[in-house]
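Below is one structure; the comments refer to it alone.
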Amino acid sequence: MIIVMRPKTVQSEIEKIKRKMKSLGCEIHESKGQNYHLLGLVGDTSKIDPNQIQANRNVEKLIFVQEPYKKVNRLFHPEDTCISVNDRTIGGDGFSIIAGPCSVESEEQIVGIAKEIKEIGASFLRGGAYKPRTSPYSFQGLMDEGLDLLKTARRETGLPIVTELMSPYLIEKFVEDVDVIQIGARNMQNFDLLKEVGKTNKPILLKRGMSATIEELLMAAEYIMSEGNERIILCERGIRTFEKYTRNTLDISAIPIIKKLSHLPVIVDPSHAAGLWWLVEPLAKAAVAVGADGLMIEVHNDPANALCDGQQSIKPEKLRSLVSSIKDIAKLVGKEIK
Ligand code: PEP
Ligand code: MN
């Protein structure tokens, strides 16, 4: 339920309603804009009498929220949410490019790639240190050493780092070392992990599970938000369908749908969606055209010898042509690469 206050209601009256709602067992999610002041009620609203609220002269109207996700719901926060990370922002009229290898492999590799992608216009460096691999015999990432190498690359370039957290036991280390914590597709419904990252104040990049519906993705974000962390970036990375040609099927319609349903920024990972390097650029163009707030792209200096996902990784020079080919599309949808 959302209480829409009349414009210009004095704060003391708003506080009175908030106290009353809290005493009835609700948590309140407040959202203010230039012309609106909303009190979103979360939790058990069964003790609330809508007629009584509507009798309050400072209340414009009540909105009943049907969806199970509340805090991530656009009804709770009509304006787009922008997530600031160090001196950068994801969302709004900006378009962010997150690029880097699937896995951190060596200092030379990660620092070299970081310098190249920065010069091309990427604003974040990605790289896996702890890798969720299908086979226990595949390369699992350099782990702690990989995290240290990402920090070296950040020191050398100033690029904020994005890397995946797989287990709650590493959370303190990630909060200390990482700029954006990635929750991967395989952990999208790891509810304990979601609750733990929800207790931090770090930006969270939440990837859609490979067989998750849009509503399930939004409910995963709700888990994080319900613990207090509202700094969430959603990521469409393809879903599993009957089509075998690509690794996954990029659900391009998910972007405008999520934008309609939620205020959170949404980015697209065309690399894991396609699984094929030559499909990354056309899918990236489509992502920009449908209103995504950014891209996450796997870039490797030597894809043929990459320890993970070489077949879908593009070389830095290909990233350069991709970035130049999406600039005009971004402008057409009112965005600018930042
Ligand atoms: C990744 O981004 O490194 C990754 C493993 O992606 P996903 O979780 O989408 O499979
Ligand atoms: Mn990968």
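Rule-based calculations on the coordinates, nothing more; no lab input. Quick caveat, the model's predicted, so the values are computed rather than measured. Here Cβ is always computed from backbone atoms with ideal geometry, including for glycine, and neighbour counts include all displayed protein chains.
List of remarks:
- Residue within the range 198-211 that is within 16 Å of ligand 1 (Cβ to nearest atom), in contact (Cβ under 8 Å) with a residue 40 or more places away in the chain, over 24 Å from H29 (Cβ atoms) and surrounded by 24 or more Cβ atoms within 10 Å (Cβ to Cβ) present: yes
- Looking only at residues of the range 295-318 that are of a type outside the set (K, R) and more than 16 Å from ligand 1 (Cβ to nearest atom), we find that the one that is nearest to K131 (Cα to Cα) is N305.
- Filter pass, E243 being out of contact with any helix residue (DSSP H, G or I) (no Cβ under 9 Å at 6 or more places or on another chain) and of a type in the set (D, E): yes
- Residues of the range 81-109 classified as closer than 16 Å to I297 by Cα and within 14 Å of ligand 1 (Cβ to nearest atom), total: 7
- In the range 295-309, the condition of being under 18 Å from the mean Cα position of the chain (by Cα), without any contact (Cβ under 8 Å) to a residue 40 or more places away in the chain and part of a helix (DSSP H, G or I) is met by no residue.
- Enumeration of residues in the range 231-264 that are in contact with a His (Cβ under 8 Å, 6 or more places away or on another chain) and either under 28 Å from S31 (Cα atoms) or among the aliphatic types (A, V, I, L, M) (or both): H263
Matching residues to (1) farther than 19 Å from R237 by Cα; (2) touching a Lys or Arg at 6+ places or on another chain (Cβ under 8 Å):
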{"site": "Q109", "(1), (2)": "yes, no"}
{"site": "E119", "(1), (2)": "yes, no"}
{"site": "T134", "(1), (2)": "no, no"}
{"site": "V162", "(1), (2)": "no, yes"}
{"site": "D179", "(1), (2)": "yes, yes"}
{"site": "K195", "(1), (2)": "yes, no"}
{"site": "K202", "(1), (2)": "yes, yes"}
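- Single residue of the range 115-132 satisfying the filter (within 16 Å of ligand 1 (Cβ to nearest atom) and among the small types (G, A, S)) that is nearest to L159 (Cα to Cα): A122
- Here the range 243-289 is the region considered, the condition is being of a type in the set (D, E) and more than 15 Å from the chain's Cα centre (by Cα), and the residue that is nearest to S211 (Cα to Cα) is D251.
- Filter pass, A287 being within 16 Å of ligand 1 (Cβ to nearest atom), buried (at least 24 other Cβ atoms within 10 Å of the Cβ) and of a type in the set (A, V, I, L, M): yes
- In the range 163-182, the residues that are touching an Asp or Glu at 6+ places or on another chain (Cβ under 7 Å) and within 16 Å of ligand 1 (Cβ to nearest atom): Q182
Quick grid of which residues meet (1) loosely packed, with under 14 Cβ neighbours inside 10 Å; (2) in a strand (DSSP E or B); (3) of a type outside the set (S, T, N, Q):
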{"site": "I3", "(1), (2), (3)": "no, yes, yes"}
{"site": "T9", "(1), (2), (3)": "no, no, no"}
{"site": "I17", "(1), (2), (3)": "no, no, yes"}
{"site": "K20", "(1), (2), (3)": "no, no, yes"}
{"site": "I28", "(1), (2), (3)": "no, yes, yes"}
{"site": "V42", "(1), (2), (3)": "no, yes, yes"}
{"site": "T45", "(1), (2), (3)": "no, no, no"}
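- Some residue of the range 265-278 being over 28 Å from C26 (Cβ atoms), buried (at least 18 other Cβ atoms within 10 Å of the Cβ) and more than 16 Å from ligand 2 (Cβ to nearest atom): yes
- The lone exception for F191 - which of (1) aromatic (F, W, Y); (2) within 16 Å of ligand 2 (Cβ to nearest atom); (3) free of Cβ contacts under 8 Å to residues at least 60 places away in the same chain it fails: (2)
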